[in-house]
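Heads up, the thing below is written out as structure tokens.
Please treat every number below as a calculation from the coordinates, not as lab data. Quick caveat: nothing in here was measured; it's all calculated off a predicted structure. Ideal geometry is used to build each Cβ from the backbone, glycine not excepted, and the neighbour counts take in all protein chains shown.
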Amino acid sequence: MTDCRSNLQRVLDSGNFAVTAEIGPPKSASGEAVQRRARLLKGHADAFNLTDNQTATVRLSSMASAVLCMQEGVEPVLQMTCRDRNRIALQSDLLGAASLGIRNILCLSGDHPRFGNQKGAKGVYDLDPVQELMVFRMMRDEGKVWGGDTLEQAPQVFLGAVANPFADPLDLRAVRLAKKVDAGAEFVQTQAVFDLDRFERFMKQVRERHLDERAHILAGVIPLRSAGAARYMRDRVPGMSVPDEVVDRMSKAADQRDEGIEICLETIERLRSIEGVHGIHIMAIGWEDIVPEIVDRSGLSQRP
């Protein structure tokens, strides 16, 4: 029988510690930047997220970017937001992705249009991510679309979701995650972890609900390039928790770039020791060329 699982799913199912990273599509009709990054990062992670108009800014589509990555031999994780699609478009795009050989799908709301370069755009949000997961799972497992029509061929996909352990109130974070796992999430990528103590409290709640046994948790990390970036995330980015000691450490560093890498490596080391964490998701925003160094220095370069 043919194994239809993605590489990412096989790595996680085998019990190996997974690594995913991001490739941000450009504000361009040219795919050369995506192809260049794919060639640079090939072999340094098990799969790569192609962000879907990140920060609600018009960019090369995640679907086209995923295809460009596959042409370079790199496995994509296709992000599919509810912001820009109604239920018809979501289901159609899932069928399209599966027809192209895309196996990993990340379901998420998407940044609100007010944060992007089209502030007058109308957010769709016909479905929320929990409903998106439910519909996609039904299409895969039952071979039916919303409404009951039967598909001639069901999409074979590995379904993912996002989680933010740092949004308030903390007690509801695992509850929210449970809804996504119940809906069909098989892997989960979290918001970037800087506040490790809070993340460990979140993971304790995850384990208490046995969610780590039902879905693979990949903890997010962001390598910091400057103290300014750390302060911006602490003060200006909703849902982020950057402790003052991280900002102070970056501010006092003689080489802030190197210090940011060290903080990232220390975070990964601690994350690997937390029960229920099955991998990391590296978000090197605009700094993709640092990913190989981080993977190598963290001892994760020998990918399965």
**Complete:** Here segment 199-211 yields Karplus 3J(HN,Hα) values (6.51, -1.76, 1.60; θ = phi - 60°; whole Hz; Gly and Pro given as x) of 4, 5, 5, 4, 5, 4, 5, 4, 5, 4, 9, 6, 5
**Message:** Quick check: Cα centre of segment 206-285 to Cα centre of segment 58-83, how many Å?
**Reply:** 25
**Request:** Taking just the C-alpha trace of segment 217-280, give me its Rg and Dmax in Å.
**Result:** 12.2, 36
**Message:** Cut-off 10 angstrom, C-alpha nodes, Gaussian network model of the chain. Which of A254, A21, A33 fluctuates the most?
**Reply:** A254
**Complete:** The ³J(HN,Hα) series, computed from each phi in segment 18-33 with the Karplus coefficients 6.51, -1.76 and 1.60 at θ = phi - 60°, rounded to the nearest Hz and given as x for glycine or proline, is 8, 10, 10, 8, 10, 10, x, x, x, 8, 7, 7, 8, x, 4, 5
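Any idea what % of Cα-Cα pairs in the chain are farther than 24 Å?
Details: 23691 of 46056 pairs.
Value for the chain (Cα pairs over 24 Å): 51 percent.
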**Prompt:** Which of the trypsin sites (Lys or Arg not before Pro) across segment 79-169 are loop residues per DSSP, with 11 or fewer other Cβ within 10 Å?
**Reply:** K119, K122
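Restrict the search to segment 209-304; then list the GluC sites (Glu not before Pro) that DSSP places in a loop and that have at most 16 other Cβ atoms within 10 Å of their Cβ. Write out the running numbers ahead of the final one.
Working: sites: E213, E245, E259, E262, E266, E269, E275, E288, E293; in loops: E275.
Answer by residue number: E275.
Can you give the calculated 222 nm mean residue ellipticity of the chain, where each DSSP H run of n ≥ 4 adds -39,500 (n - 2.57) and the sum is split over every residue, rounded to the nearest 500 deg cm²/dmol? The partial results should precede the final answer.
Details: 11 runs with 121 residues, N = 304.
When only DSSP H runs of four or more count, the value is -12000 deg cm²/dmol.
Could you calculate the contour length gain from Y232 to L170, that is, 0.36 nm times the residue separation minus the distance between their Cα atoms, to one decimal place in nm? Working shown, then result.
Values: separation 62, 0.36 × 62 = 22.32 nm, distance 2.22 nm.
Gain on extension, Y232 to L170, equals 20.1 nm.
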**Asked** Can you work out ³J(HN,Hα) from phi for every residue in segment 126-135, in order, using Karplus 6.51 cos²θ - 1.76 cosθ + 1.60 and θ = phi - 60°, giving whole Hz and x for Gly and Pro?
**Response** 4, 10, 9, x, 5, 5, 4, 4, 4, 5
**Message:** Given 25 °C and 0.890 mPa s, compute D for segment 3-79 with the Stokes-Einstein relation, Rh being the Kirkwood radius over Cα pairs; round to the nearest whole µm²/s.
**Reply:** 194
**Message:** Nearest 10 degrees is fine. How inclined is helix 87-99 to the longest principal axis of the chain, computing both from alpha carbons?
**Reply:** 90
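What fraction of the DSSP beta bridges in the chain is antiparallel, stated in percent and rounded to the nearest 5?
Values: 1 of 34 bridges.
Taking every DSSP beta bridge within the chain, about 5 percent pair in antiparallel fashion.
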